[in-house]
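Here is the structure we will look at.
The values are calculated or read from the model by the stated rules, or taken from the named source; none is laboratory data. Since we're looking at a predicted model, the values are computed, not measured. Counting neighbours? That spans all protein chains shown, and the Cβs are built from the backbone with ideal geometry, glycine included.
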Amino acid sequence: MNITQIETIRPAAFPELIFVQVQTDGGLVGLGETWYAASAVEGAIHDYFGPLLIGRDPFEIEAHWQTMFKRSDHAGYGGAEMRAISALDIALWDIKGQALDLPIFELIGGGTRHKVRVYNTLGVYGEITDGHDIWRRPVDVAQSLLDEGIGAMKFSPTDFIARASDGQLLFKKDLDWALAPWRKIREALGMEIDIANDAHAKWNLTNAIRIVEATEPLRPMWHEELLSPANEEAHLRLQQATRTPIAAAERLMTRYQHRRFIESGAARVVMPDLTWTGGISEVAKIAILASAHQLPIAPHDCVGPVNMQACAHICMATPNVMIMEYNRAMHRGWYGDFIEPNFVVEDGYLLAPTEPGLGVRLKAGVKEGQGAIVRMSNERAESWLNASQRYTYPPLDMQEAFERERDTP
Amino acid sequence: MHITHIESIRVGEYPDIIWVQVYTDTGIVGLGETWYAATTVEAAIHDHFAPLLVGKDPFAIERHWSNMFRLSDHAGYGGAEMRAISALDIALWDIKGKATGVPVYELLGGKVRDKIRVYATGAPYVGAGELAKELVAEGIVAMKMGPTIVVATPTEGQYLAPKELDRALQPFRDVRQAVGDDIDIANDGHGKWSLPVAIQIAQAMEDLEPMWQEDLMPLLNPDALLQLQQSTRTPVCISERLLSRWQLRPYIENGSARVVMPDLIWTGGISETHKIAVMASAHQLPVAPHDATGPVNIFACAQICMSAPNAMIMEHVRPFFLGWYGDFVEPNLPIVHGWLHAPEEPGIGTRLKAAVRQRQDATLRTTDEMAEKPGLNDEGWQGGEGFSPQMAAEMQDIWRFRKRSAAAPEGKVE
């Protein structure tokens, strides 16, 4: 089987979102996705990575990942290139699962569970306005989640109060204002619902420690990104200042960046974003690394429907999964406009995918949608970009003579 | 698909080796192997682990591994139980590969290479130079020997006279004299020495440029091994006797290991060796899988070597490969001109020859019953008083799920 064509689709309504479809000569199509700076990702896919994949066997996922990663790391890995690799990696797993007639979780160790608990990150889309309601009617929001069987939630109470000083100055009065909704939930519902704080890396260490201390009576599920994960030693100081677990989250790229937080003890919850950190291949590796340190992973979402589905496969196959992020506003609001079947969250659990491969397809019509930007590439790299590259030096005849002598008795 | 019965096979001629065959209702049979204290492994397989697997879906490998490991770790994991888990794990991967029609490397991320170099283990004290010439002529460009092992015995490894060390290194010099730098040579110390003697040996051998120093000391203390690595420019290799990612981890993380050598059939099978290779990759270290035991191990290692980007080289014992491996498996290993090639058949790539089970010296044992005894099943504690309704419901649900996948297996998790 060979890869014949790679296509990206950027829907007009969600300018950060990009889907990738990898097509093969057998007719199978693999679907991937990532989110953020979509036009840069599009460029990386078509100009950098696509030509490395065209004409190649889609089954050799690890080899392709290595080739793409090395290619991107020539000038420092990260950013749009890692997101492009992530999206393509998901699509390759989708092809392999479809070709072998198995859900992807069967290809990464097999099912260790058939459903995983979700927590709801409060969002706003269409009729669901959790992200606003939490400030006006916090107990109602928590109760409505509990009514659906969802026993955990995440929101970002401290983001707004960081803005005035860019995280450098924190007044106790501001913090009390920000934590008021949380306190109301605890007063009304006790510990019926677990609550995590996502602080989006807005604070310095000094204020981060003040926040973890102030929130301890509220018993957070975890604190996520009070600090930018730029410095694992600062992160470790934060963890040592509190009994609340600290999560190392989505902006860490690959096992190489996660490693330091896992090994130093700076993270007690590991939260890779599958569509940023390197795809299914890399998240499976990060989960293994975490397992050697007896730490759980809790995959990140809030980006798009394909990510959630890819994470579902990781969650089913990985023993050390704690809980899966979920956003009911996005799930019910717009995910269904793009994929079919939509994934199923039932009684607070994300259910195991049942169909071969990823288990979802891009809906017909997404490509033709008004304002959608579609780009296609089908040419194979023949230059030094090619994976089986010849080096420029030494001269070709000397390279061949070296290999002849080395490889044949 | 579900597992119907599990069979182990031992033969009198090679009393340390044990094969395991996992049978399914579809007719697909998975083959595994381990080596060392085979009767103990046999008991662990049948009395401990097989009842957890019979009736279950063979595809849920990770779940089975975790269940078996937890059961064994109830009283401290290791030894025969880890070898039993390793053998069963290989067999489960074999089944999954055969059922899906692909070599196991396709289920481990796919192929990153078509072949990997092998090195040849074992050399006579007299005649190592001749052997090296023979190997180079065959295309084998690396070898391993353990010339210092014998001189450790008189002092239990606590002292080594310079003169004895000098004499012990003669085979190394013979190889260098015979073929120059055409062959790489690794030294295997079999864990015989104290730290100061290990440093003494490593430094004395530096001019001979060993490929690595393997197990000069027993692998009991990562801090001690780090001192050894910091005392020599030769790569220090951590090897086969470390079990599971949890024991290899401190050596990989503290910088004492520059070559990581898991033994697949001891450390936890294909599942665990794959995890160890991933962990090593996060530290930019190579893996060089251990062998010297049996043919199925190398087939399983070949699957890792084809799928792990950081595989360096593969061990093999040439007299075993050319001698008796072919009596037991077909096809035999695809080793040609110093390279182990990717196995082509679905699964691990080989089968036990039919005649092995009929051998006069064969001991067969079969288990076909599911665990019903408390403590021998994977259903865990089923709940109790005082739990929240949600928690109790969740436990009941997990329990029902496991019962269902045992009772009405359909090949896929619902």
Seminar exercise, completed: Going through (1) surrounded by fewer than 22 Cβ atoms within 10 Å (Cβ to Cβ); (2) part of a strand (DSSP E or B); (3) within 19 Å of the chain's Cα centre (by Cα) one by one, residue B:23 fails only at (3)
For this session: Report whether or not residue A:275 is touching a strand residue (DSSP E or B) at 6+ places or on another chain (Cβ under 7 Å), surrounded by 19 or more Cβ atoms within 10 Å (Cβ to Cβ) and of a type in the set (S, T, N, Q).
Result: yes
For this session: Answer yes or no: is there a residue in the stretch B:314-323 that is closer than 27 Å to residue B:256 by Cβ and assigned to a helix (DSSP H, G or I).
Result: no
For this session: May I ask you to list the residues in the stretch B:263-316 that are more than 13 Å from chain A (Cβ to nearest Cβ), of a type outside the set (A, V, I, L, M, F, W, C) and touching an Asp or Glu at 6+ places or on another chain (Cβ under 7 Å)?
Result: B:263, B:289, B:290, B:291, B:294, B:297, B:315, B:316
For this session: Mind listing whichever residues of the stretch B:155-175 are within 30 Å of residue A:402 (Cβ to Cβ) and surrounded by 18 or more Cβ atoms within 10 Å (Cβ to Cβ)?
Result: B:171, B:172, B:174, B:175
For this session: Could you grab me the full set of residues in the stretch A:138-168 that are surrounded by fewer than 17 Cβ atoms within 10 Å (Cβ to Cβ), free of Cβ contacts under 8 Å to residues at least 60 places away in the same chain and not in a helix (DSSP H, G or I)?
Result: A:163, A:164, A:165, A:166, A:168
For this session: Among the residues of the stretch B:123-141, write down those that are of a type outside the set (Asp, Glu), more than 11 Å from every other protein chain (Cβ to nearest Cβ), at negative phi and surrounded by fewer than 21 Cβ atoms within 10 Å (Cβ to Cβ).
Result: B:124, B:125, B:126, B:129, B:133
Exercise. Wholly within the stretch B:159-220, which helices (runs of 4 or more DSSP H) include no fewer than the required count, namely at least 3 residues that are of a type in the set (Gly, Ala, Ser) and under 24 Å from residue B:257 (Cα atoms)?
Worked result: B:195-204
Exercise. Does the stretch B:30-49 contain at least one residue that is within 14 Å of chain A (Cβ to nearest Cβ) and in contact with a Gly (Cβ under 9 Å, 6 or more places away or on another chain)?
Worked result: yes
For this session: Could you run through the stretch B:214-228 and say how many residues are crowded, with 23+ Cβ neighbours inside 10 Å, within 15 Å of residue B:285 (Cβ to Cβ) and either within 14 Å of chain A (Cβ to nearest Cβ) or not acidic (Asp, Glu) (or both)?
Result: 1
Problem set entry | Filter result (in a loop (DSSP other than H, G, I, E, B) and either of a type in the set (S, T, N, Q) or at pLDDT 95 or above (or both)) within the stretch B:147-158 | B:148, B:158
Problem set entry | So residue A:65, is it among the aromatic types (Phe, Trp, Tyr), modelled with pLDDT of 95 or more and farther than 30 Å from residue A:158 by Cβ | yes
Exercise. Taking the stretch B:235-260, which residues are among the hydroxyl-bearing types (Ser, Thr, Tyr), in a loop (DSSP other than H, G, I, E, B) and touching a helix residue (DSSP H, G or I) at 6+ places or on another chain (Cβ under 6 Å)?
Worked result: B:256
Exercise. Is it the case that some residue within the stretch A:250-266 is in contact with a Cys (Cβ under 7 Å, 6 or more places away or on another chain) and either away from chain B (no Cβ under 12 Å) or on the phi < 0 side of the Ramachandran plot (or both)?
Worked result: no
For this session: Give me a count of the residues in the stretch A:37-56 that are modelled with pLDDT of 95 or more and either acidic (Asp, Glu) or on the phi > 0 side of the Ramachandran plot (or both).
Result: 1
Exercise. What are the residues in the stretch A:267-302 that are more than 12 Å from the chain's Cα centre (by Cα) and away from chain B (no Cβ under 12 Å), if any?
Worked result: A:267, A:268, A:269, A:295, A:296
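Residues checked against (1) within 26 Å of the chain's Cα centre (by Cα); (2) within 14 Å of chain B (Cβ to nearest Cβ); (3) among the hydrophobic types (A, V, I, L, M, F, W, C):
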site	(1), (2), (3)
A:114	yes, yes, no
A:139	no, no, yes
A:148	yes, yes, no
A:155	yes, no, yes
A:165	no, no, no
Problem set entry | Residues of the stretch A:79-111 satisfying the condition of being of a type outside the set (D, E, K, R), touching a Lys or Arg at 6+ places or on another chain (Cβ under 9 Å) and within 9 Å of another protein chain (Cβ to nearest Cβ) | A:102, A:103, A:107, A:109, A:110, A:111
For this session: Identify, from the list A:298, A:317, A:329, the residue that is small (Gly, Ala, Ser), touching a Phe, Trp or Tyr at 6+ places or on another chain (Cβ under 6 Å) and surrounded by 23 or more Cβ atoms within 10 Å (Cβ to Cβ).
Result: A:317
Exercise. Condition test on residue A:232, is it touching a residue at least 12 places away in the same chain (Cβ under 8 Å) and closer than 21 Å to residue A:207 by Cβ?
Worked result: yes
Seminar exercise, completed: Given (1) farther than 30 Å from residue A:195 by Cβ; (2) surrounded by 23 or more Cβ atoms within 10 Å (Cβ to Cβ), residue A:105 misses just (1)
